[in-house]
Every structure is written in structure tokens, then in C-alpha cells.
Amino acid sequence: MARDFVGSVRGITLQQLRYFVEVAAEGSISAAADLLYVAQPTLSAALKDLESRVGRMLFVRSTRGVTLTEDGAEFLGYARQVVEQAELLEQRYLGRGPSRRLLAVSTQHYSFVVDAFARMVKASEAAEYSFSLRETRTWDIIEDVRTLRSELGVLYRNEFNANVINKLIREAGLVFTPLFLASPHIFIARTNSLARRQSVTLSDLEDLPRLTFDQGVNNSFYLAEEILSTRSSKQDIRVSDRATIFNLMIGLGGYTISTGIVSDDLDPSIVAVPLDVDERIEIGWIGHAAVSLTDQAQRFVAEMRDVVSGFGVDLLT
């Protein structure tokens, strides 16, 4: 398909490619027009001309915005490379400052991702930027990356859910890149009596409220954010965000099961205690198979690796 693109491209301008990249990132022509300080009709006309020159439909348009077609997703990979190289040339030889930074990430509810995202933003030292960090459901993470609403997503797989997760990722045209293996821990309030234990067992948790992240209409044991999702619990509470789950750990003495990596800077009232089970959690990131990571996304991945290594966790290469 790459050869087809090359053979059909005639007279495409750098401005059109910049417009295209911005619209793909925003998922909306009107939102991109506002950011680019361009009239919406002008932007729409530029995109239609681009599609005409390429000879492919690059966007699916609806009342809710735009999403990339399969051809559009592949074209975005090439467009980003051209735009980034042009910006490097302008910075080097025309003395222009760095352009506005762009990156969107979708993730399960991990504090190490927030920590890495904050480091990435600070390290960018950009005067202008538009970053997005979306903590959301497992199904939505895959959909976000498939439609390029987000450039990459962060989630886990293990022996129980791997077949289902791998199938969904493969069918979405994505690739899973392992980041690290973690031993399961429970997250509980620092004031909880179990917080002083060297480790806990499943029987220790029987009388505590189990806190899990709601997976919405696509709820499934295989899409649960927590391992051991098929295990019954006398007290179950589902929540939709990390702030709520931490408040319920403190207010109700509840627990959730996760990686054991929790930043003291971000969550000083929560501690991680090893859970004595024969399980391992593989955390990784997913990206589009047809789209290369931008420099900004690569920096974010590097920050994740740096944050995780600070907890003594062995990284996967």
C-alpha cells in the first residue's frame, strides 16, 4: 500500500499534511480549525483536496467528528514523519522555535503512567502544547488507539486474559509491546492494619470490600483491570476513577489488586502490599501497527521505563 500512496501522491503541500495531522489528533475538523486559527471551510476544503490527490478516503466523517480510515491510519504514519522532519529543518536553519507538542495516551488506572506523563510534559519544555491523558476502560483503550484518538495505550495481560486481549489487539491492527512483569499487590490505605504486613493472602481479604474499575457495557472477566476477576467477593464496589477508589480505600478499608507500583508523590495515603498468589502481571503499551511512534510518544515510553525501573522492577526488552 505504501507504493500505491507514493505513486498516487501529486502536489501535496506541507500545510495540508500539518492540517491532516492536527485533525487526526483532535478527531474533529472544527476543534482543529480553532487550534490552527483557520476557518473551518478552509480546513475542510484542504482535507478534501488532500484526499483527492491521494486518491483515498482518509477520514470517515460523522456528526460526532472524524475518524481515520484504514488508509488514513497508514497515511498518518508517513505524514507525521514528513511534518516532524520539516519542523527539525525549520528549527535548525530558520531559527524557529519548537512547535506545539502533541500526544494523546489512553491507559488503565496506573499511577506510574501519570508520573511518567508529568515527567514527559516537563521535559518537553514547550511553550505551547496539547497533551491528553485518558484513564479509561480496557475496551476503550483499544478503541482509542485503533481509531488513533490516542497514539498509544497502556494495559496489562496475564495467563488468564492473554488470549482474549491478544485477539482484540490483533483484530484492531495494533501491537502489544511488553514493558515489565509485576508481582500482584493489593493497594490499601496506609491506616489499614494490613498495611504493616509483609504480605497478605486471599483469605486475609475475605471481609474487606473489593474495589474494581467498572468496564461499562463491555464488562467481561477478560477485560477486567484487576487479576482474579472471577473470584467471588462478599462485598464488591465498582468505581470509574482512581480518586474515588483511593477515597474508598481510606473511607471503607477496601482494597484493589494491581502492580504494586504506587508513587508516594502522587498517592501518599496509599500503600502496596504483596499478595501471596501464583500470578504475574505483564504491563505493556499498545500502538498502531501501521503508524510509527512520534518522538514525543517515544519520550513518554522512555519516561515510563525510567519511572518503573526506579521501583526495582525488571524491565522487558
Which one of Ile29, Leu248, Ala46 is farthest out on the positive end of the charge dipole of the chain, using unit charges on Cβ (Lys, Arg +1; Asp, Glu -1) and the Cα centre as origin?
Ala46
One quarter of the convex hull surface, Cα atoms only: what value does that give for the range 27-81 in nm²?
3.8
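Roughly what % of Cα-Cα distances in the range 30-144 sit above 22 Å, to the whole percent? Let's see the in-between values first.
Numbers: 3318 of 6555 pairs.
Tail of P(r) above 22 Å: 51 percent of Cα pairs.
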Quote to one decimal, in nm, the extra length available between Ala123 and Gln198 on full extension: 0.36 nm per residue of separation minus the C-alpha distance between them.
23.4 nm
Only four residue types carry charge here, +1 at the Cβ of Lys and Arg and -1 at the Cβ of Asp and Glu. Report the dipole size of the chain about the Cα centre in Debye, rounded to the nearest 20.
620
As a test question: what accessible area, to the nearest 10 Å², does Lys48 have when a 1.4 Å probe is rolled over all protein chains in place?
130
Kirkwood estimate for the range 198-307, i.e. one over the average of 1/r between Cα atoms, Å:
16.2
Under a 1.4 Å probe, what is the accessible area of the chain per residue, stated in Å²?
50
For every helix of n ≥ 4 consecutive DSSP H residues, a contribution of -39,500 (n - 2.57) applies; sum these over the chain, divide by its total residues, and give [θ] at 222 nm rounded to the nearest 500 deg cm²/dmol.
-12500 deg cm²/dmol
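Can you give me the relative contact order of the chain as a percent, contacts being Cα pairs under 8 Å and 6 or more apart? All intermediate terms of the calculation are to be shown ahead of the outcome.
Working: 524 pairs, mean separation 69.8, N = 317.
Rounded, it is 22 percent for the chain.
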How many angstrom separate the Cα center of the range 274-307 from the Cα center of the range 100-179?
8
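Over the chain, what percent of the accessible surface lies on carbon and sulfur atoms, probe 1.4 Å?
Values: 7730 of 15790 Å².
Looking at the chain in its full context, I get 49 percent from C and S.
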Obtain the radius of gyration and the Kirkwood radius of the range 102-152 from its C-alpha atoms and give Rg over Rh.
0.99
Hey, in the GNM for the chain with a 10 angstrom Cα cutoff, which one of Gly216, Gly11, Gly55 fluctuates hardest?
Gly11
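The values are calculated or read from the model by the stated rules, or taken from the named source; none is laboratory data. Fair warning: this is a prediction, and the values are worked out from it, not measured in the lab. Backbone-built Cβ (ideal geometry, glycine too); neighbour counts: all protein chains shown. Areas reflect the complete protein model, heavy atoms only, side chains present, ligands, DNA and RNA absent. Shrake-Rupley method; radii C 1.70, N 1.55, O 1.52, S 1.80 Å.
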